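Notes to accompany the following structure.
Just so it is clear, none of the values below were taken in a lab; they were calculated from the coordinates. What you see is a predicted model, and the numbers here were worked out from it, not measured in a lab. Every residue, glycine among them, receives a Cβ derived from its backbone with ideal geometry; neighbour counts consider all protein chains shown.
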Amino acid sequence: MTFYSLPVVFIGAFTAISAVAMPLDAGLAPYQPQPVALSPEANYVLRDGSIRIGGAEHAQVMIDGFNALFAQTHPGFKFTVQLKGTTTGLPLLTHGVTLFAPLGREVNQIELVPYSKIVGQAPVEIHVAHDSNTPGKFATSLAIYVNRANPLDRLTLAQASRIFSRSNVGGDYSAWSQLGLKGDWAKLAIHPYGTPLSSGFGDYMQKHFLAGRSFAAAYEQFSNTEEIIHRVGDDPAGIGFAAIGITDPKVKQVAIAERKDGEYSSGSPEDIVAGKYVFGRHLYFYVRREPGQPVDPVVKEYFRLILSREGQQIIAAEPDGYMPLTAAEAAAELAKLD
């Protein structure tokens, strides 16, 4: 395809489209387009010559923005966006029929087995943004909630692990007295709630914070945040992990620190972007790379755009949406494609 230079006036014109909802790291590199050729034999190219992108619907607005910028800087390129859900992303990527796969969570083991068998190795995971604090519309980070009446207001990661999992070194927590609660609270057994292991939150919690241990014996599983919050709100002894950003008069979020003498955080956008909130998650895009082969050049150029200042501005411009990466994070993610 013919490649044209990016007009000098483009960046200014593009940034004026909408106000930036979150500040960008000044160190983010500006996008410098490079010529790239689209192979008509690529499986992700549809009959009309457009590039298919399939996966999580949460990423619709940002992908529309990326596509518009890519088409403007690479005339002749066009896209067909088919975002039908996170579970559709990796099967499409397995057979190379999507340019990349946006997911609302990390890929799980059930998805990795067939993918790795067919492709020969795991996909490349790229963090393109920090998750949102707005549940419902976007993929979000995680938070821990207790009943509003509970005097507990903070936990360490070790304490959370001893509440939500079993076989912890030093023992598990099954009673509120073990967390220092007094009076009638000391008599209550801890009642943990959360999502199933097969869910994005459940898998994320077990993999990153429970060292792969099974959930606690008293743990009750529910499929969505609304039900977990309802249960914790009706149960004085309840504690649950669910999507961050929930406001409910019957529950309260507890602050979390990596260790007892560490900095406690409730996951403000500033803390999440700064890496101060331990349950802060990312929005994951997955890329296909076969063993011993470089990443598809069109894919790499597209991610150069995403991880540039202009690409991250598209993310930042959506109010209450995903949060942009820092310059250091963007550089580290882009290096995964070398």
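Tabulated results
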quantity	calculated
Farthest positive-ward along the chain dipole, Cα basis, beta-carbon charges - from Ala122, Ala186, Val107	Ala186
Reduced Cα scattering model of region 109-267, Debye log10 I(q)/I(0), q = 0.09, 0.14 Å⁻¹	-0.31, -0.73
Gain in span if fully extended, Ala274 to Ala335, counting 0.36 nm per residue against the direct Cα distance	19.9 nm
Which of Gly200, Tyr219, Gln159, positive extreme of dipole for region 88-229 (C-beta unit charges)	Gln159
Sorted by Cβ density within 10 Å, fewest first, the residues Val146, Val254, Val113, Val232	Val113, Val254, Val146, Val232
Stokes-Einstein diffusion coefficient of region 25-67, Kirkwood radius over Cα pairs, 25 °C, 0.890 mPa s, in µm²/s	185
Convex hull projection area averaged over all views, the chain, Cα basis, nm²	18.2
For region 217-313, alpha-carbon Rg over 2.2 N^0.38 Å	1.55
Under-5 Å amide H pairs with Thr80, H placed in peptide plane, nonlocal only	Ile51, Arg52, Ile53
Using alpha-carbon coordinates, inclination of helix 297-306 to the longest axis of the chain, degrees	60
Rounded to the nearest 20 debye, dipole of the chain from Cβ charges on Lys, Arg, Asp, Glu	480
